[in-house]
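The next block holds one structure in the form of structure tokens; read it before the comments.
The values are calculated or read from the model by the stated rules, or taken from the named source; none is laboratory data. Just so we're clear, the structure is a prediction, and the values are computed from it rather than from any experiment. Here Cβ is always computed from backbone atoms with ideal geometry, including for glycine, and neighbour counts include all displayed protein chains.
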Amino acid sequence: MEPIEIGRKGVVAPTEKISGPRVELSEVKLREKGRGYQILIEKTRGLDPICTAVVHPVDAVSLVAAIEAAKEGLIVPVLVGPEKKIRAAAEQANIDLAPYEIVPTEHSAAAAAEAVALARAGKVTALMKGALHTDELMHEVVDSAHGLRTARRISHVFAIDAPAYPRPLFITDAAINIFPTLEDKRHIVQNAIDLAHALQIPERPRVAILSAVETVTEKLKSTLDAAALCKMADRGQVVGGILDGPLAFDNAVSEEAARTKGIVSPVAGKADIFVVPDLEAGNMLAKQLIYLGDADAAGIVLGARVPIVLTSRSDNTLARLGSCAMALLLANKTISDKGARL
């Protein structure tokens with residue numbers, strides 16, 4: 001019996017040149033973390049910074065954020081709060097406060113009231129949250145007699161920079177409206193669409209009205225609200241965006257998931273704005289993306305007389321600058337719109 005050769009293969013060289021399509025390195029696009037905020041900041045170049053009341057910046061984190069935004073040409077900060085505490089924070093962070101105005105107040109509640117009064121008087125064009133609780137600031141903002149209410153419902157938008165998602169990603173409302181009604185949601189959606197336009201997103205923003213399922217059922221109020229909002233858009237009660245819902249989150253971000261479920265939609269897999277059923281759902285979604293999806297979140301409050309930059313102690317510097325850039329772009333669009341109407 002002849003021995004058997006194991007694992008031996010012959011290699012035949014090609015007799016003709018084999019070529020394929022040439023791939024340039026420039027065609028390989030890498031999604032850089034934080035690039036979305038860098039783009040927003042770049043869009044503000046050439047715009048004058050907005051005078052911004054920084055409310056109660058008595059710790060190094062909030063004070064540094066305001067000063068960094070000033071150095072980037074995004075805001076002219078007016079520091080509102082207890083002067084001794086502001087100066088102590090500046091000393092801790094090695095910041096020279098000589099170039100900046102300080103409006104002294106006794107405590108955080110007084111700082112919120114004074115900042116709102118400055119906005120009502122037209123002395124500042126935006127507010128920026130410092131080291132105080134959001135509800136303390138918003139209590140003054142929504143005050144019926146002395147606050148900053150308009151005909152619009154006030155709402156919050158997270159601008160999420162998610163490296164794995166190739167489009168803008170806005171979540172609303174995850175900070176202000178706990179259990180929004182259908183009419184509240186109409187305002188929430190319109191506020192977010194208007195923000196997208198102010199940020200110069202080239203296409204009509206695609207709005208996904210989120211629920212746990214994709215079909216309308218009386219068992220889930222969120223699906224009924226989603227269907228009603230889409231019909232409102234058909235009737236011109238919501239303008240400037242493309243709405244669809246109810247959509248589950250997977251269908252909103254993945255065209256493959258939508259195809260698997262037989263969903264034909266101009267929004268599925270390409271959503272820019274994610275409208276959540278309530279604050280709890282929105283807050284959990286945003287934090288899941290931040291802590292499990294390597295995302296960052298910038299935040300802004302809309303629907304008031306002036307934009308309100310709402311930051312968190314956990315936000316990094318670039319996300320805080322992104323929030324200020326949104327406020328500047330939004331304020332600039334508001335001024336342009338008023339000029340166009342004159």
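Structure notes:
- Number of the condition not met by Val124 [criteria: (1) under 20 Å from the mean Cα position of the chain (by Cα); (2) crowded, with 16+ Cβ neighbours inside 10 Å; (3) in a loop (DSSP other than H, G, I, E, B)]: (1)
- Subset of segment 306-321 [not charged (D, E, K, R) and not in a loop (DSSP other than H, G, I, E, B)]: Ile308, Val309, Thr317, Leu318, Ala319, Leu321
- Subset of segment 60-78 (residues that are over 17 Å from Pro49 (Cβ atoms) and surrounded by fewer than 18 Cβ atoms within 10 Å (Cβ to Cβ)): Ala60
- Exactly one residue among Phe179, Phe158 is under 20 Å from Ile41 (Cα atoms) and at pLDDT 95 or above, and that residue is Phe158.
- Scanning segment 216-227 for residues that are assigned to a helix (DSSP H, G or I) and aliphatic (A, V, I, L, M) yields Leu224, Ala226, Ala227.
- Matching option when the condition is farther than 20 Å from Thr134 by Cβ and either in contact with an Asp or Glu (Cβ under 7 Å, 6 or more places away or on another chain) or at pLDDT 90 or above (or both), among Ala319, Ala286, Ala298, Ala325: Ala325
- Taking segment 146-164 as the range and being surrounded by fewer than 24 Cβ atoms within 10 Å (Cβ to Cβ) and touching a Phe, Trp or Tyr at 6+ places or on another chain (Cβ under 8 Å) as the test, only Ile160 passes.
- Filtered by the rule that a residue be surrounded by fewer than 20 Cβ atoms within 10 Å (Cβ to Cβ) and either of a type in the set (D, E, K, R) or assigned to a helix (DSSP H, G or I) (or both), segment 127-141 gives Thr134, Asp135, Glu136, His139.
- Any hit, segment 181-196, residues being within 19 Å of the chain's Cα centre (by Cα), under 18 Å from Leu302 (Cβ atoms) and not in a helix (DSSP H, G or I): no
- Segment 79-119, residues that are loosely packed, with under 14 Cβ neighbours inside 10 Å, more than 22 Å from Arg320 (Cβ to Cβ) and either among the aliphatic types (A, V, I, L, M) or out of contact with any Pro (no Cβ under 8 Å at 6 or more places or on another chain) (or both): Lys84, Ala98
- Only one entry of Ile263, Ile201 meets the criterion of being assigned by TED's automatic domain parsing to the domain that holds Leu169, touching a helix residue (DSSP H, G or I) at 6+ places or on another chain (Cβ under 8 Å), modelled with pLDDT under 95 and aliphatic (A, V, I, L, M), and that entry is Ile263.
- The single condition among (1) assigned to a loop (DSSP other than H, G, I, E, B); (2) buried (at least 24 other Cβ atoms within 10 Å of the Cβ); (3) not basic (Lys, Arg) that Ala327 does not satisfy is (1).
- In segment 200-215, the residues that are touching a strand residue (DSSP E or B) at 6+ places or on another chain (Cβ under 8 Å), within 22 Å of His187 (Cβ to Cβ) and not in a strand (DSSP E or B): Arg204, Pro205, Ser211
- Residue in segment 297-314 that is within 21 Å of Gly240 (Cβ to Cβ), of a type in the set (Gly, Ala, Ser) and without any contact (Cβ under 8 Å) to a residue 40 or more places away in the chain present: no
- Residue in segment 210-227 that is surrounded by fewer than 23 Cβ atoms within 10 Å (Cβ to Cβ), among the aliphatic types (A, V, I, L, M) and within 24 Å of Ala304 (Cβ to Cβ) present: no
- Residue list for segment 198-217, restricted to those being in contact with a Lys or Arg (Cβ under 7 Å, 6 or more places away or on another chain) and either among the polar types (S, T, N, Q) or within 17 Å of Gln237 (Cα to Cα) (or both): Gln200, Arg206
- Qualifying helices (runs of 4 or more DSSP H) (wholly inside segment 25-120; at least 2 residues being without any contact (Cβ under 8 Å) to a residue 12 or more places away in the chain): 35-43, 83-93
- Inter-residue pairs, beta-carbon under 9 Å, first on the phi < 0 side of the Ramachandran plot and in segment 212-235, second among the basic types (Lys, Arg) and surrounded by fewer than 16 Cβ atoms within 10 Å (Cβ to Cβ), 6+ apart: Glu214/Lys261
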